[in-house]
1. Would you be so kind as to list the residues of region A:168-202 that have their accessible area lowered by at least 20 Å² in the full protein complex compared with their chain by itself (1.4 Å probe)?
2. So what are the radius of gyration and Dmax for the Cα set of region B:279-352, in Å?
3. In Å², what does the accessible area per residue of region A:173-279 work out to with a 1.4 Å probe?
4. Could you compute how fast region A:3-167 diffuses translationally, taking Rh as the Kirkwood radius over C-alpha pairs and applying Stokes-Einstein at 37 °C with viscosity 0.692 mPa s? Give it in µm² per second.
5. How big is the gap, in Å, between the Cα center of region B:271-336 and the Cα center of region A:170-201?
6. Can you list the residues of region A:249-275 whose accessible area drops by at least 40 Å² going from the chain on its own to the full set of protein chains, with a 1.4 Å probe?
7. Within region B:260-287, list the residues whose amide N lies under 18 Å from a label point set 7 Å along Cα→Cβ of B:Arg27.
8. Tell me which of B:Cys106, B:Ala561, B:Gly277 sits at the most positive position along the dipole axis of chain B, charges placed on C-beta atoms (Lys, Arg +1; Asp, Glu -1).
Amino acid sequence: MTAYLRPATLAEAVAARAAHPDWMVLAGGTDLMVNANHRPEPPGIVDLWGCADLRGIVRSPDTLRIAAGTPWLEIIRHPDVNKHLPILVAAAREIGAMQIQARGTIGGNIVTSSPVGDSLPVLLALDASLDLASPRGRRIVPYHEFCTGYRTTRLAVDELIAAVIIPLPDAATHLSWRKVGTRAAQSISKVMAAAAIHVEDGRIVWARFGLGAVAARPIRAVAAEHAAARRAPDAATARAVGDALAGEITPISDIRSAADYRLEVAQNLLMRFVLNAGRA
Amino acid sequence: MQTQSGGPVGQSVPRVDGVAKVTGTARYLDDLDLPGAQHGVTVRSTIAHGTFDGLDRDPAFDWTGITVVTADQLGWGKGLAAGGFGENYIAMLDTDQPALLPMGGCIKHVDEPLALVAAPTRARALAARAALTPRQTAKPPVLTVDDALAADIKLYKDDNVFKSFLIRKGHVDDDEFEIAMAGAATVIEGTYETGAQEQMYIETQAMAAWPDAGGLRIAGSMQCPYYVHKAMKVLLGCGPDEVAVAQTVTGGGFGGKEEYPSMLAAHCAMLASAVGGPVKMVYDRDEDIAATTKRHPSRVRHRLGLRSDGSICAIDVDVIMDGGAYLTLSPVVLSRGVLHAAGPYRCDVTRVRGRAVATNHPPHGAFRGFGAPQTTFAYERQIDKAASHHGVAPWEFRDRHALRAGDTTATGQLLEASVGTDDIIRAIRDVAGAAPARDGINRHGAPVKRGRGFAFYFHGAGFTGSGEQRLAGRATVRATADGRFEVLASSTDMGQGAITIFTQIAAGALGVAPELVRVPDPATDEVPDSGPTVASRTCMVVGGLVERAARTLRLRIEAWADTAGVKGDLGALAAAMFGRKAELDPQHGGIAETVQYEPPPGIHWDDATYTGQAYPCYGWAGCLVDVEVDLDTREVALLRCVHAVDVGKAINPVIVKGQIEGGTVQALGWAVLENIVYKDGRVANANMTNCIVPTFADIPELETVIVECPYPFGPSGAKGVGEIPMDGPAAAVANALGDALGVAFDRIPVMPEDIARALRRGDA
Ligand SMILES: Cc1cc2nc3c(=O)[nH]c(=O)nc-3n(C[C@H](O)[C@H](O)[C@H](O)COP(=O)(O)OP(=O)(O)OC[C@H]3O[C@@H](n4cnc5c(N)ncnc54)[C@H](O)[C@@H]3O)c2cc1C
């Protein structure tokens, strides 16, 4: 029989995690259950679903703080997220379908850290940070430093994610998001791209591009960002962004898609984002 | 012979199984309480071709309570009565497919059954399976039809050809045919490929077996109880009464539960005999996708000879289907494929050739449409190219050249009654409206191209040629002591509505309320053999038997009541008749009428030349599809799909609409989403995550037009509806994509990756 603990607070959860480092940490379970048939039963489970302080969204003057155990449906329905971070809502709406969105959490998506995790390029484009909790205390890690490789992260064995902190973009920042999946719903991404493009006086001041499913982990397209910076959001810039991207990603072919397609579509999406930023 | 039954026929009475299914009280095989049942699982090959050298057991595993069965320990040839088995093959059309591969035998595909395991719990059975390792020696496999035809490696006889056909019309030999083709002003030539397709029924394959009264009882999810029964008689080496096969509530089939259930039944029987008690096997999804049958991949070469006025002077079709490792039903699938391959167009000189070949893929098998969707895709792409070559609007071109009553098909069948061409052409024309604007911008700000495509097609209803005569299906309608009625037929309801239709037809012919009619789940020891639940024959053929049996029964009861001077409704009369023991039919424990199939007059079919009346009648259909292609992502959005289908008579319009919509969605999925990826002979995407079928978000609001051109010999004029909706939409989609992008898509599925490549190549 698998042992089971259901802490009521984050502090209790951190303690439980420290006491049982080999137990499984469960949030919505929508990633963990998929593999339940293909993996040995864990000795025990720490179920985060009952931690009241791991759920909810709080707005401060310049950030939104989303507790890690908040399910997607709550994020989709939250007025502040809709107002300030529409691309997070758009990404959340494309995670599985409603049943999955009701159960799956943002923390689970981040810790699974799949190259096809749909919220992850958005977190990169929005320059999110993570608030991590362990018996040693708290630390803040910028999200773009968090993923280290294929499904590996900087999360220490005794750490839990407490919250995701996202700075509020200003009105001059154009946000874009697009997922290309195997079908219109309940689908795994073949390519996804998110962008925050800051335009002032008809020029792009800076751009942040987050991409998924084109590398072993979600990545920032830094060369493409440089190609966009300090230029007008026009066709020539779009082309430069596409060219720069071709030099910095080497997607793979797998059973879901093909390398040439992934590259071409990733280029098209970033180019479209640049052009749309110019049109708005 | 049309009846005046009226009553519930033509009404959308609610599905008789609907409430049980929606409320969850319907009990599928895995829901049944089988006290003491052990759980069976299958040890499978991991190579596509080679030899099975042995089975290693992990000595560290705790084997208590585990039963392992290999083919070598089963006492073949002794027969059931002597505690053994009969013959080790799945009896269908050939003897080539072992039920369980013997040691030393030749492995012909990945996931071939090598051994069976039973344990008191499923978890223990799976653990035991993991502790068993087959020893295999790999040989080079045959993974393409070209390699199969080269026959350097022989899998089946000398040429790897399971079956071939040659159908000639209007010529005697190839020279004469080529002369006719040479007379064409233009020859449109193309090669068309279609991929494998998974049925993805909601309930996976599931079966149970247990010793029963000195014999064996089998129950499970299946389309054709008598197919399983036939296979079991051979496998067990027993008489027809020593094994009984019962269908349990079945969650979808689409052909996937036509032949494969015999395999599960064989395995359950082997395990039940080894443990001496009940055993059940329920495949998990991944195993079901990996190991069970799929639609035959196909390659069709098609030449269309056109006169300068656009009329067709010669049609040449060459069909190749990948049958997979064993013959199974491939000859019959190929037969339906070639019989539809020339299409519903007027032409005096046609040549259709077809071959089903052996490869080291898991056997391909029955799937809704049964070979016709593959060849329909080819000819409807060809017709589109011909229309565009002649500068004639695609629907107009079809209208000009489609078959009408008085024309003959490629087998020389003279079409008489029930040809729906004009109604279909008109139905589509009436609702078509303007084609979507070619260029646009979608909600992502991406440029799009839009297009419209059509397809026109027909589908033979019922068995091919003399099939129904040979089968001589029977059905019974009986009265019960409480003044109610039962329909006994081996046709199964797998969600398509068969038992509701039978209820309506019987109630109509008996002149009683549908509530008084019951259709019990079929079991071979309780119902006559009305044939398999396939080939769009259930309503037209078996429904016809039910109607006739019900009418005969009614006449008999009424005649008795007349003489006996009893009055009342038919139920009351039947109940009164029950009081007189002498009237009871001992065989069916009541008052029953059983009728047997009788062919309509004047049917002629020649199996040797494949000429004559290929089918008793045809359904006719037209499809219009509008598509939009996102030029950033190359994704295809289906904007609109209109489907007009001639079903003869809609016995239950809601059920008919459900059949059409369901088939349409499967066909649209086959066109643009469903992609079975084979890698070294293994299904590489054997899970629902990666084996994509459409969701509601992927399909447009479907517009369905039911057309009724009655078939004089079907119940109230009904003909088949089950398969025809699957045949044409894929071609309509490809035609629409061609219209949108100016690129020919001759291979399905058309994935965004294919569109990207085509556009990059500058095919446009
Ligand atoms: C049918 C289906 C469709 C899906 N579709 C999509 C999709 O379209 N896009 C997509 O991105 N994903 C999809 N997923 C995956 C999954 O739903 C998401 O990744 C979801 O966000 C996971 O959240 P969860 O709470 O369910 O995670 P869980 O399964 O509970 O946990 C996942 C991992 O995160 C760890 N974890 C969870 N919370 C914390 C925490 N606070 N601190 C530390 N570790 C933690 C767990 O230990 C585990 O390792 C799908 C899943 C299913 C079953």
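The values are calculated or read from the model by the stated rules, or taken from the named source; none is laboratory data. Because the structure is predicted, anything quoted here is derived from the model rather than measured. Here Cβ is always computed from backbone atoms with ideal geometry, including for glycine, and neighbour counts include all displayed protein chains. When the accessible area is computed, the model is the full protein with side chains, heavy atoms only, and any ligands, DNA or RNA have been set aside. Shrake-Rupley method; radii C 1.70, N 1.55, O 1.52, S 1.80 Å.
1. Flagged in region A:168-202: A:Arg178, A:Val180, A:Thr182, A:Arg183, A:Ala184, A:Ala185, A:Ile188, A:Lys190.
2. 18.3, 67
3. 35 Å²
4. After rounding, the answer is 206 µm²/s.
5. If you average the Cα positions of each part, the centres end up 42 Å apart.
6. A:Ile255, A:Asp260, A:Tyr261, A:Glu264, A:Asn268, A:Arg272
7. The answer is B:278-282, whose backbone nitrogens lie closer than 18 Å to the label point.
8. B:Ala561
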